[in-house]
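The values are calculated or read from the model by the stated rules, or taken from the named source; none is laboratory data. This structure is a prediction, so every number in the text was calculated from the model and none was measured. Cβ atoms come from the backbone with ideal geometry, glycine included; neighbour counts cover every protein chain shown.
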Amino acid sequence: MQKYMGNVCVLFKDGHVVYNENRIEKADVLVKEGKIAAIGKNVPIEAGTRIIDISGKYLLPGFVNTHTHLFQSMLKGLGKDLPLMGWLAASIRPNAPKFTEEDFYYATLLAAMGIVTSGGTTVMDFMYANENPEAASAVCRALDDLGIRAVLGRGFIDRRLEDENHNRLVETPVQILGQVDRLKDYTKDMSRVNVGIAGSVFWGITENGFEAIRDYAQTHDVVVALHASETVDDNNDSIDRFGIRMFPYLHKIGFLQPWLTAVHCVTLDEQDIELIAANDVKVSYNPQSNMILGSGIPPMVSIQEKGVTIGLGSDGAASNDSQDMIETMKFASLLQKAACQDPTVFAANDVFGMATTGGAVCCGLQDKVGRIEVGMEGDLVVYNPDRIKSAPVYNPVTSLVYSSDCNNVETVMVEGKIIYDHYKFVHFDADVIVGWVKSIQEKFAAYQY
């Protein structure tokens, strides 16, 4: 691995800056000391500035992946064609305990590279596989070494079930929040890595656990993610334990707060949507995993109509088998059009906004990323329109969503440093990483159909 370094100043010259579908302008963009310093024509530069000619290309804000499980990149293709509970039993639960600290590191690199090659510059990782106490630290190191921006959501599972593989991940609230504090200290010198809480699944958390998360988030200013109403199991469990559906219960205990991102939100009713909107809860939309697992189609158009902030997530590679944010945008749009039988809903510009500004809000980073503006962080993507799949390009946002792929992502910058330069990673050799994960894959392939 090369040392993570970058130019103090970079000028993207003669390209078209994409703010949204309706605002695209030819301009130079100067990034200085990690932030966007100037946008315009004939921008003055200092000696030593790296000039990147992007004439005929487009400069985009980096995409934000609001939900994934990075370690799952080692489990692609396992437990397929099964519903959620069967998939968990076949793919995740028997394999998560097999990961070493080194496995977590390289699996994270593999997944994060997939995000970067599709234009992603920020990821919220939902890291629940913490039987190995150093697992989350390894994930943080990999993210920092690659150079991507991240929120590491430390998993929270405090309720025992009948499944012993699940129970191996159970900890007390005191233990879990102590690990959150430890990770915050561990990452204090990692400028791009923040730490939050990943509330596992509703049926994996006790009432005391929810209250502990709520109190910690209120006093420590961290974001919280929670798998929410992904299937009917969440509401069934809530009714069994508390006598009411999941979202009304969370509202009752004061858990629905602006720091919460509810992931999936498939089985919502009108009351659930009203509660989400009234409490400024954010939503992470993960269309591929919802389809692959047959969970259903989340009512995102109704959620959007209530003014709720929506971000996009790839979900983990074990359920999606991809970390591709361009693919995620396309599925996010098409699934809602088909569900509503209305081609006007979830237009390209809508999902582009969810992948950028919406995602930034979900991660609590709205003042840093998601927009190309002076003062924002230099998290930028060079989009090359001259590829077989996308050419000809009339509007880059429409083409990005409906007719593009990783071949269009030429260069990626995070915090003012180029981490992916003309289709090559700056700090790692992708072939070496792929070779390493191939060398250990046999131990994860015990399950047979």
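Identify, by number, the condition in (1) in a helix (DSSP H, G or I); (2) of a type in the set (A, V, I, L, M); (3) over 22 Å from residue 315 (Cα atoms); (4) touching an Asp or Glu at 6+ places or on another chain (Cβ under 7 Å) that residue 190 doesn't meet.
(1)
In contact with a Leu (Cβ under 8 Å, 6 or more places away or on another chain), surrounded by fewer than 22 Cβ atoms within 10 Å (Cβ to Cβ) and β-branched (Val, Ile, Thr): which single residue out of 92, 39, 24 fits that description? Give the derivation first.
Working: 92 fails: surrounded by fewer than 22 Cβ atoms within 10 Å (Cβ to Cβ); 24 fails: in contact with a Leu (Cβ under 8 Å, 6 or more places away or on another chain).
Residue meeting the stated conditions: 39.
Suppose we filter 236, 130, 194 for residues that are modelled with pLDDT of 95 or more, within 26 Å of residue 364 (Cα to Cα) and not charged (D, E, K, R); which single one remains? Give the derivation first.
On the way: 236 fails: within 26 Å of residue 364 (Cα to Cα); 130 fails: modelled with pLDDT of 95 or more.
Answer to the check: 194.
Can you find, within the range 154-213, the residue that is nearest to residue 128 (Cα to Cα) among those that are touching a strand residue (DSSP E or B) at 6+ places or on another chain (Cβ under 9 Å) and among the aromatic types (Phe, Trp, Tyr)?
Step by step, filter the range 154-213, then rank; the result is 156.
From (1) aliphatic (A, V, I, L, M); (2) farther than 30 Å from residue 318 by Cβ; (3) out of contact with any Gly (no Cβ under 6 Å at 6 or more places or on another chain); (4) crowded, with 21+ Cβ neighbours inside 10 Å, pick out the condition that doesn't hold for residue 59.
Failing condition for residue 59: (3).
Can you confirm whether residue 267 is over 17 Å from residue 354 (Cα atoms), free of Cβ contacts under 8 Å to residues at least 60 places away in the same chain and of a type in the set (S, T, N, Q)?
Numbers: over 17 Å from residue 354 (Cα atoms): yes; free of Cβ contacts under 8 Å to residues at least 60 places away in the same chain: yes; of a type in the set (S, T, N, Q): yes.
In short, yes.
Please find, among 80, 41, the residue that is more than 23 Å from residue 433 (Cα to Cα) and in the same structural domain as residue 397 (by TED's automatic domain parsing). Lay out the reasoning, then the answer.
Numbers: 80 fails: in the same structural domain as residue 397 (by TED's automatic domain parsing).
Matching residue, one of 80, 41: 41.
Among the candidates 404, 399, single out the residue that is free of Cβ contacts under 8 Å to residues at least 40 places away in the same chain and more than 17 Å from the chain's Cα centre (by Cα). Explain how you work it out, then say what you get.
Working: 404 fails: free of Cβ contacts under 8 Å to residues at least 40 places away in the same chain.
It is 399.
If the requirement is being without any contact (Cβ under 8 Å) to a residue 60 or more places away in the chain and more than 20 Å from the chain's Cα centre (by Cα), which of these qualifies: 167, 130? Steps first, answer last, please.
Numbers: 130 fails: more than 20 Å from the chain's Cα centre (by Cα).
Sole residue among the options that is without any contact (Cβ under 8 Å) to a residue 60 or more places away in the chain and more than 20 Å from the chain's Cα centre (by Cα): 167.
Condition test on residue 47, is it of a type in the set (A, V, I, L, M), touching a strand residue (DSSP E or B) at 6+ places or on another chain (Cβ under 6 Å) and more than 30 Å from residue 222 (Cα to Cα)? Explain how you work it out, then say what you get.
Numbers: of a type in the set (A, V, I, L, M): yes; touching a strand residue (DSSP E or B) at 6+ places or on another chain (Cβ under 6 Å): no; more than 30 Å from residue 222 (Cα to Cα): yes.
No, not satisfied.
For every residue, the table says whether it meets (1) modelled with pLDDT of 95 or more; (2) assigned by TED's automatic domain parsing to the domain that holds residue 30; (3) aliphatic (A, V, I, L, M).
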{"residue": "357", "(1), (2), (3)": "yes, no, no"}
{"residue": "384", "(1), (2), (3)": "yes, yes, no"}
{"residue": "393", "(1), (2), (3)": "yes, yes, yes"}
{"residue": "398", "(1), (2), (3)": "yes, yes, no"}
{"residue": "406", "(1), (2), (3)": "yes, yes, no"}
{"residue": "413", "(1), (2), (3)": "yes, yes, yes"}
{"residue": "418", "(1), (2), (3)": "yes, yes, yes"}
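For residue 321, all conditions in the list (1) modelled with pLDDT of 95 or more; (2) in the same structural domain as residue 224 (by TED's automatic domain parsing); (3) surrounded by fewer than 22 Cβ atoms within 10 Å (Cβ to Cβ) hold save one; what is the number of the exception?
It fails just one condition, (1).
Take residue 65 and tell me if it is over 28 Å from residue 400 (Cα atoms), touching a residue at least 12 places away in the same chain (Cβ under 8 Å) and surrounded by 18 or more Cβ atoms within 10 Å (Cβ to Cβ). Reasoning before the result, please.
Working: over 28 Å from residue 400 (Cα atoms): no; touching a residue at least 12 places away in the same chain (Cβ under 8 Å): yes; surrounded by 18 or more Cβ atoms within 10 Å (Cβ to Cβ): yes.
It is false that residue 65 is over 28 Å from residue 400 (Cα atoms), touching a residue at least 12 places away in the same chain (Cβ under 8 Å) and surrounded by 18 or more Cβ atoms within 10 Å (Cβ to Cβ).
Does the range 109-127 contain any residue that is touching a helix residue (DSSP H, G or I) at 6+ places or on another chain (Cβ under 7 Å), of a type outside the set (A, V, I, L, M, F, W, C) and within 21 Å of residue 294 (Cβ to Cβ)?
No, there is no match, as no residue in the range 109-127 is touching a helix residue (DSSP H, G or I) at 6+ places or on another chain (Cβ under 7 Å), of a type outside the set (A, V, I, L, M, F, W, C) and within 21 Å of residue 294 (Cβ to Cβ).
Within the bounds of the range 377-387, is there any residue that is part of a loop (DSSP other than H, G, I, E, B) and aromatic (Phe, Trp, Tyr)? Let's see the steps before the verdict.
Kept after step one, since they are part of a loop (DSSP other than H, G, I, E, B), are these residues of the range 377-387: 378-379, 384-387.
Checking which are aromatic (Phe, Trp, Tyr) leaves us with none.
For the range 377-387, residues part of a loop (DSSP other than H, G, I, E, B) and aromatic (Phe, Trp, Tyr): absent.
Within the range 205-295, considering only helices (runs of 4 or more DSSP H) that don't extend past its boundaries, which have at least 2 residues that are of a type outside the set (Gly, Ala, Ser) and under 29 Å from residue 175 (Cβ atoms)? First the steps, then the outcome.
Details: elements: 207-220, 232-242, 246-252, 270-278, 287-292.
Correct list: 207-220, 232-242, 246-252.
Test residue 298 against the criterion of being free of Cβ contacts under 8 Å to residues at least 60 places away in the same chain, assigned to a loop (DSSP other than H, G, I, E, B), of a type outside the set (A, V, I, L, M) and crowded, with 24+ Cβ neighbours inside 10 Å, and give yes or no.
Numbers: free of Cβ contacts under 8 Å to residues at least 60 places away in the same chain: yes; assigned to a loop (DSSP other than H, G, I, E, B): yes; of a type outside the set (A, V, I, L, M): yes; crowded, with 24+ Cβ neighbours inside 10 Å: yes.
It is true that residue 298 is free of Cβ contacts under 8 Å to residues at least 60 places away in the same chain, assigned to a loop (DSSP other than H, G, I, E, B), of a type outside the set (A, V, I, L, M) and crowded, with 24+ Cβ neighbours inside 10 Å.
If I ask for residues that are touching a residue at least 60 places away in the same chain (Cβ under 8 Å) and closer than 15 Å to residue 85 by Cβ, which ones from the range 228-263 would you list?
Step one: of the range 228-263, the residues touching a residue at least 60 places away in the same chain (Cβ under 8 Å) are 230-231, 233, 259, 261, 263.
Answer for the range 228-263, where residues must be touching a residue at least 60 places away in the same chain (Cβ under 8 Å) and closer than 15 Å to residue 85 by Cβ: 230, 231, 233.
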